[in-house]
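One structure is given below, encoded as structure tokens.
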Amino acid sequence: MIVALLNQKGGVGKTTLALHLAGELARRGRRVTLIDADPQGSALDWSQQRSREGLPRAFGVVGLARDTLHREAPELALNADMIVIDGPPRVAGLMRSALLAADLVLIPVQPSPLDGWASAEMLSLLTEARIYRPQLAARFVLNRCAARTVIARETAETLADHDPPVLSSTIGQRVVFADAAQTGRLASEIAGDSPAAREITALLVEISRLGIGRIAS
Ligand SMILES: Nc1ncnc2c1ncn2[C@@H]1O[C@H](COP(=O)(O)OP(=O)(O)OP(=O)(O)O)[C@@H](O)[C@H]1O
Ligand SMILES: [Mg+2]
């Protein structure tokens, strides 16, 4: 299965969630490849940082920030249980290509009512992609949620009425995710039994239960 983390808004957690979903599945012994489709190369930077720190490779990271991504991804998928695509902010061509490659699009959003959670352009690209790929599934993922705030709940209720629907697993605002990004680590490596690590596990379980494509739990 090919999962793409996409949102044209910057800094919503595409890279954080892509790395952690890939890491969680790899930890379970699955073959995972992360495609870094962002010209900024943040996932590749993370992987390089990891190697500098002398840490073992967690999963393969390949840079593929090209509009031809959808033509390359199926072949990579032959040798993997899951492909995770870390999408770029803004670039519409790359977004379109990632949408054509994916079985499931996860749209990370920050649960603030002041923050339009996905751009109209992103949603219209999704509609457009579904003309070619009617099976393409999409879900919002609430990221950086403050602990049980009213705002987060309200946003979840608002999102539940929408297409795409919102996943019930949410990811909190947690320092360990920021540390992980900087040190080439995963939250579960910094703090094994932390709320952050448990949230990622729950997210992966929920995704595998969607029954999209072939994914091991
Ligand atoms: N749940 C979280 N808790 C704490 N910090 C987070 C969380 N999610 C993301 N961050 C931090 O927020 C910043 C932006 O996250 P990230 O890089 O994952 O977003 P992005 O959508 O990939 O951004 P871009 O659009 O620039 O690629 C990073 O510094 C990251 O460590
Ligand atoms: Mg990113």
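For the stretch 37-81, a residue qualifies if it is free of Cβ contacts under 8 Å to residues at least 24 places away in the same chain and within 14 Å of ligand 1 (Cβ to nearest atom), and the qualifying residues are L44, D45.
Please determine, by comparing only the residues of the stretch 140-163 that are in a loop (DSSP other than H, G, I, E, B) and farther than 21 Å from A202 by Cα, which one is modelled with the highest pLDDT. Show your work before the answer.
First pass over the stretch 140-163, keeping only residues in a loop (DSSP other than H, G, I, E, B): 143-144, 146-149, 161-163.
Still in the list and also farther than 21 Å from A202 by Cα: 161-163.
Numbers: D161: 67, H162: 68, D163: 76.
Step by step, filter the stretch 140-163, then rank; the result is D163.
The residue that is farthest from ligand 1 (Cβ to nearest atom), counting only those in the stretch 1-23 that are of a type in the set (V, I, T) and under 8 Å from the mean Cα position of the chain (by Cα), is V3.
Do you know which residues across the stretch 40-56 are more than 19 Å from the chain's Cα centre (by Cα) and either within 14 Å of ligand 2 (Cβ to nearest atom) or among the charged types (D, E, K, R) (or both)?
Of the residues in the stretch 40-56, the ones more than 19 Å from the chain's Cα centre (by Cα) are 48-56.
R50, R52, E53, listed by residue number.
Among residues of the stretch 31-64 being surrounded by fewer than 15 Cβ atoms within 10 Å (Cβ to Cβ) and in contact with a Lys or Arg (Cβ under 9 Å, 6 or more places away or on another chain), the one that is nearest to L17 (Cα to Cα) is R57.
Within the stretch 20-39, track down each residue that is under 21 Å from L100 (Cα atoms) and within 13 Å of ligand 2 (Cβ to nearest atom). Can you show your working first?
Of all residues in the stretch 20-39, those under 21 Å from L100 (Cα atoms) come to 21-22, 32-39.
Those that are under 21 Å from L100 (Cα atoms) and within 13 Å of ligand 2 (Cβ to nearest atom): L34, I35, D36, A37, D38, P39.
Could you tell me how many of the residues in the stretch 173-213 are under 19 Å from S42 (Cβ atoms), of a type in the set (A, V, I, L, M, F, W, C) and not in a helix (DSSP H, G or I)? Total satisfying the criteria: 1. Here's a check for you: in the stretch 164-190, which residue that is surrounded by fewer than 16 Cβ atoms within 10 Å (Cβ to Cβ), farther than 25 Å from A102 by Cβ and not polar (S, T, N, Q) is nearest to ligand 1 (Cβ to nearest atom)? Out of the qualifying residues, it is A178. Answer yes if at least one residue in the stretch 17-40 is part of a helix (DSSP H, G or I), modelled with pLDDT of 95 or more and of a type in the set (S, T, Y), and no otherwise. For the stretch 17-40, residues part of a helix (DSSP H, G or I), modelled with pLDDT of 95 or more and of a type in the set (S, T, Y): absent.
Quick test for you: out of P74, P111, P88, pick the one residue that is more than 16 Å from ligand 2 (Cβ to nearest atom), in contact with a helix residue (DSSP H, G or I) (Cβ under 8 Å, 6 or more places away or on another chain) and either at positive phi or assigned to a loop (DSSP other than H, G, I, E, B) (or both). Among P74, P111, P88, only P111 is more than 16 Å from ligand 2 (Cβ to nearest atom), in contact with a helix residue (DSSP H, G or I) (Cβ under 8 Å, 6 or more places away or on another chain) and either at positive phi or assigned to a loop (DSSP other than H, G, I, E, B) (or both). Listed by first and then second residue, the pairs with beta-carbon distance under 8 Å, at least 6 apart or on different chains, first residue in the stretch 122-139 and in a loop (DSSP other than H, G, I, E, B) and surrounded by fewer than 19 Cβ atoms within 10 Å (Cβ to Cβ), second among the acidic types (D, E) and at pLDDT below 90, form an empty list. Looking across the stretch 192-205, just one residue is crowded, with 16+ Cβ neighbours inside 10 Å and within 19 Å of R50 (Cα to Cα), and that is A197.
The values are calculated or read from the model by the stated rules, or taken from the named source; none is laboratory data. The structure displayed is predicted, hence computed values, not measured ones. Heads up, the Cβs are rebuilt from the backbone with ideal geometry, glycines too, and the neighbour counts pull from every protein chain shown.
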